[in-house]
Amino acid sequence: MEKIIVANWKMNPQSLLEAKELFNSVRNWIKKNSNILQNVRIIICPPFVYLESLSKLLKTKSSRPKVELGAQDLFWEEKGAFTGEVSPKMLKNLGVKYVIVGHSERRQILGETEEMINKKLKAAIKMKIKPILCIGETLKERKKEKIFQILKHQLREGLRNLEPRTYNLKSLIIAYEPVWAIGTGNPCKPGDARKVLLFLRKFTQPLSHSSTQPLILYGGSVNSKIAKDYIEVGFDGLLVGGASLNSNEFIEIIKNVAKH
Ligand code: PGA
């Protein structure tokens, strides 16, 4: 089975030059090592402002290694008076194939609600951009043993009215990202993450009317030393934040996942 590694650059790096350098160093390595990457797909999600230049870099190289572009967010309306927002079509026109939706930083810092996340998911699927829906509990919720309750709520509300018959949920990717593990250097232990994975597999089974189920990724302080542990317990891939900003470290993560 193919594994997916998503790089979420967040609000980094600070210049286009650095963005191109980071992108090219990962991409060139992938190109040279495509023989060991048969079963790995790499998706890089830079800030909006770098998407156009990076998509041009993808087009200019002759062979097509397995790197694709994703956005970190999108707006649900098609066009019009929505200052500061970016439409699904704008992303599509740049060659963006994936979009992160409902990241906990957007939920917590910008007050993104389940209703907004639901609209964004629908807009992405309608535009045939594959959404990566982020869900996860806070430390307080974990301590109160509310993990499954919270995840159920986020999935039910996020996916409200997204019937498999109308929306092609085959393209849905779910990222389990415990909020307390993001950017803290304190990842969720693979054994604990596995319990959540099994719950999510069961919960998402009825979402699909074909045999294809949503892919489920783990995210939260992933580094090259632990990356493979999540693959070993059954995750379909990883969502990597901080460690994706260092090309050597990110390449190590790719190498370790590729071995499985
Ligand atoms: P992190 O971020 O790897 O820096 O913890 C993950 C994420 O927020 O997607």
Just one listed residue, out of L37, L22, is open to solvent by less than 30 Å² (accessible area, probe 1.4 Å) and at pLDDT below 95, and it is L37
In the range 236-248, anything within 11 Å of the ligand (Cβ to nearest atom), in a helix (DSSP H, G or I) and not hydrophobic (A, V, I, L, M, F, W, C) is listed as G242, S244
Scanning the range 1-18 for residues that are charged (D, E, K, R) and within 16 Å of the chain's Cα centre (by Cα), the one surrounded by the fewest Cβ atoms within 10 Å (Cβ to Cβ) turns out to be E2
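Okay, residues lined up against (1) under 17 Å from the mean Cα position of the chain (by Cα); (2) hydroxyl-bearing (S, T, Y); (3) within 11 Å of the ligand (Cβ to nearest atom):
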site	(1), (2), (3)
L139	no, no, no
K144	no, no, no
N161	no, no, no
P164	no, no, no
A181	yes, no, yes
L198	no, no, no
Y230	yes, yes, no
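The values are calculated or read from the model by the stated rules, or taken from the named source; none is laboratory data. Computed from a predicted model, the values in this text were never measured in an experiment. Cβ sites come from the backbone with ideal geometry, for glycine too, and all protein chains shown count toward neighbours. For accessibility, only protein heavy atoms count, side chains too; no ligands or nucleic acids. Shrake-Rupley method; radii C 1.70, N 1.55, O 1.52, S 1.80 Å.
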